[in-house]
Each structure stands twice: as C-alpha cells, then as structure tokens.
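The values are calculated or read from the model by the stated rules, or taken from the named source; none is laboratory data. Note that the coordinates shown come from a computational prediction; the quantities given were computed from them, not determined experimentally. So basically every Cβ, Gly included, is an ideal-geometry build from the backbone, and we count neighbours across all protein chains shown. Protein only, heavy atoms only, side chains kept; ligands, DNA and RNA dropped before computing areas. Shrake-Rupley method; radii C 1.70, N 1.55, O 1.52, S 1.80 Å.
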Amino acid sequence: MENQITLEEANELLKKYLHEPHLLHHSRETEVVMRALAQHFKEDEEFWGITGLLHDLDMEVIGGKAENHGTKTCEILAEEGFDMPGMFKAIKSHVETLGFLDVKRETKLEYCLSAAENVTGLITAYALMRPEKLEGMKASSLNKKFKSKAFAANVDRELINDIEKTGLQKNEFFEIAIKAIQNISSEIGL
Ligand SMILES: [Fe+2]
C-alpha cells in the first residue's frame with residue numbers, strides 16, 4: 001500500500017543522511033524548482049517538491065559508488081517505511097544517463113526532475129561568478145552560459161534540453177528556475 005511521505009518527514013531524513021552544505025542547498029534548490037514546475041503544469045506540488053528534495057538522499061552513504069546512486073535512496077526510503085513507486089521510479093530515472101540502471105525517463109515528472117537538478121548547478125555556478133549573485137539574473141544570459149560547454153562542465157546539457165519533451169520551452173524553463181531559486185537566495189547564501 002502506498003505510504004506517502006510528508007515534507008516534515010522528508011526534511012527529517014535529509015538531516016539524517018545529508019550533512020554537506022552544498023548537497024543540502026542543491027536538494028533545496030531542486031525542491032523549489034520542482035514546486036515551480038508543478039505549478040506550471042498544474043501537478044501535485046508537494047509530491048514534485050519532495051521528489052526534488054530527496055533525489056540525492058544517498059549521496060553521502062554511497063561513498064562515491066555512482067552505480068548505487070538512486071537505488072540506494074529508494075532502499076533508504078523503503079527501510080524508513082515509505083512505499084512510493086512513482087517517486088522511486090523518478091529518482092531512479094534521474095541517473096539514466098549514468099548508464100547503470102535500465103530505468104528510463106518517460107513522464108513529465110521524470111523529465112522535470114533530471115532537468116531541474118541539472119539547472120540548479122548551472123544557475124548556482126553562474127551566480128557565484130556574478131557580483132550581484134542571483135539578483136537580476138536573466139534567462140538569456142544563463143542561456144549563454146548553457147551554450148558554453150566548458151562552463152560548469154558537470155552540468156548535463158542533454159538532460160536540460162530534454163525539458164522540451166514536456167512541452168515547456170528551455171528559455172521559459174530557465175525563467176521559472178531562476179525565479180524559484182531567487183526566492184530562496186538568503187537561505188542558500190546567493
Ligand atoms: Fe542531484
């Protein structure tokens with residue numbers, strides 16, 4: 001029987017399994033971008049937000065073993081008493097391009113999660129090099145950074161481009177994501 005997790009329970013788990021500030025910020029940034037995308041698509045904001053918040057829950061326990069990434073998060077959530085097949089599939093599909101798991105992105109939620117978690121890396125890397133940080137950041141200038149492959153090279157551009165498989169244009173996605181992260185700028189120190 002599906003046993004949905006609440007935001008409070010999700011934040012408890014985050015504190016239990018993640019300690020590195022940049023991973024906590026990344027999780028929170030991905031949450032707010034997923035909430036903004038859920039609003040855009042008129043989807044379940046709480047479910048999309050929590051999926052974003054928890055997508056990297058296993059990053060410190062896998063000890064760098066990328067082949068366990070995603071699967072371990074679902075194991076942890078199941079051990080903690082949660083059974084959420086939709087969230088588990090989305091979390092496993094976000095590592096599709098690593099090539100270890102045969103779980104493909106197919107739904108809006110899954111394409112959004114992979115694009116959202118990558119765009120947070122692009123936005124924060126760009127903010128760190130701007131004197132104004134996030135303030136006044138424009139989608140058009142972020143797009144220039146997106147096109148220069150050497151900038152934030154660990155950001156998967158293909159997964160960001162795939163946002164268009166949901167019907168949302170990349171530029172509008174950048175606007176939605178920038179605004180969502182600007183709203184928590186004091187929380188993440190940017
Ligand atoms: Fe991530």
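Restricting to region 115-135, count the residues that are within 16 Å of the ligand (Cβ to nearest atom) and either over 14 Å from residue 185 (Cα atoms) or surrounded by 17 or more Cβ atoms within 10 Å (Cβ to Cβ) (or both). Write out each step before concluding.
Just the residues of region 115-135 that are within 16 Å of the ligand (Cβ to nearest atom), to begin with: 115-125.
Still in the running and either over 14 Å from residue 185 (Cα atoms) or surrounded by 17 or more Cβ atoms within 10 Å (Cβ to Cβ) (or both): 115-124.
Total meeting the criteria: 10.
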Just checking, does region 26-35 include any residue being assigned to a loop (DSSP other than H, G, I, E, B) and within 15 Å of the ligand (Cβ to nearest atom)?
no
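Looking at the structure I just gave you, is residue 63 away from the ligand (no atom under 12 Å from the Cβ), among the small types (Gly, Ala, Ser) and surrounded by 21 or more Cβ atoms within 10 Å (Cβ to Cβ)? It would help to see each step written out before you state the result.
Working: away from the ligand (no atom under 12 Å from the Cβ): yes; among the small types (Gly, Ala, Ser): yes; surrounded by 21 or more Cβ atoms within 10 Å (Cβ to Cβ): no.
Spelling it out, it is not the case that residue 63 is away from the ligand (no atom under 12 Å from the Cβ), among the small types (Gly, Ala, Ser) and surrounded by 21 or more Cβ atoms within 10 Å (Cβ to Cβ).
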Between a first residue in region 93-121 that is free of Cβ contacts under 8 Å to residues at least 24 places away in the same chain and a second residue that is in a loop (DSSP other than H, G, I, E, B) and more than 15 Å from the ligand (Cβ to nearest atom), which pairs have beta carbons less than 6 Å apart while being 6 or more apart in sequence or on different chains?
93/103; 96/104
For helices (runs of 4 or more DSSP H) lying entirely in region 109-190, having 2 or more residues that are among the acidic types (Asp, Glu) picks out 170-182
Checking residue 49 against (1) open to solvent by 20 Å² or more (accessible area, probe 1.4 Å); (2) closer than 24 Å to residue 178 by Cα, which single condition isn't satisfied?
(1)
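Tally up the residues in region 143-178 that are charged (D, E, K, R) and under 15 Å from the mean Cα position of the chain (by Cα), please. Please lay out each step first, then the result.
First, the residues of region 143-178 that are charged (D, E, K, R): 144-145, 147, 149, 156-158, 162, 164-165, 170, 172, 175.
The next check asks that each one be under 15 Å from the mean Cα position of the chain (by Cα); those that pass are 156-158, 162.
The total comes to 4.
Being over 11 Å from the mean Cα position of the chain (by Cα) and either hydroxyl-bearing (Ser, Thr, Tyr) or closer than 29 Å to residue 148 by Cα (or both): is that true of residue 64 here?
Criteria met by residue 64.
Of the residues 16, 72, only one is in contact with an Asp or Glu (Cβ under 8 Å, 6 or more places away or on another chain) and open to solvent by 10 Å² or more (accessible area, probe 1.4 Å); which? Steps first, please.
Values: 16 fails: in contact with an Asp or Glu (Cβ under 8 Å, 6 or more places away or on another chain).
Unique residue meeting the criteria: 72.
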When you scan region 94-114, how many residues do you find that are open to solvent by 30 Å² or more (accessible area, probe 1.4 Å) and either within 14 Å of the ligand (Cβ to nearest atom) or within 14 Å of the chain's Cα centre (by Cα) (or both)?
5
Which ones in region 75-93 are open to solvent by 10 Å² or more (accessible area, probe 1.4 Å) and either assigned to a helix (DSSP H, G or I) or within 14 Å of the ligand (Cβ to nearest atom) (or both)?
75, 78, 79, 85, 86, 88, 89, 92
Any residue at all in region 3-12 that is farther than 21 Å from residue 112 by Cα, surrounded by fewer than 16 Cβ atoms within 10 Å (Cβ to Cβ), modelled with pLDDT of 95 or more and within 14 Å of the ligand (Cβ to nearest atom)?
no
Looking only at region 39-48, decide whether some residue is in contact with an Asp or Glu (Cβ under 6 Å, 6 or more places away or on another chain) and under 18 Å from residue 114 (Cβ atoms).
no
Check off (1) open to solvent by 10 Å² or more (accessible area, probe 1.4 Å); (2) within 16 Å of the ligand (Cβ to nearest atom) for residue 161 and give me the number that stays unchecked.
(2)
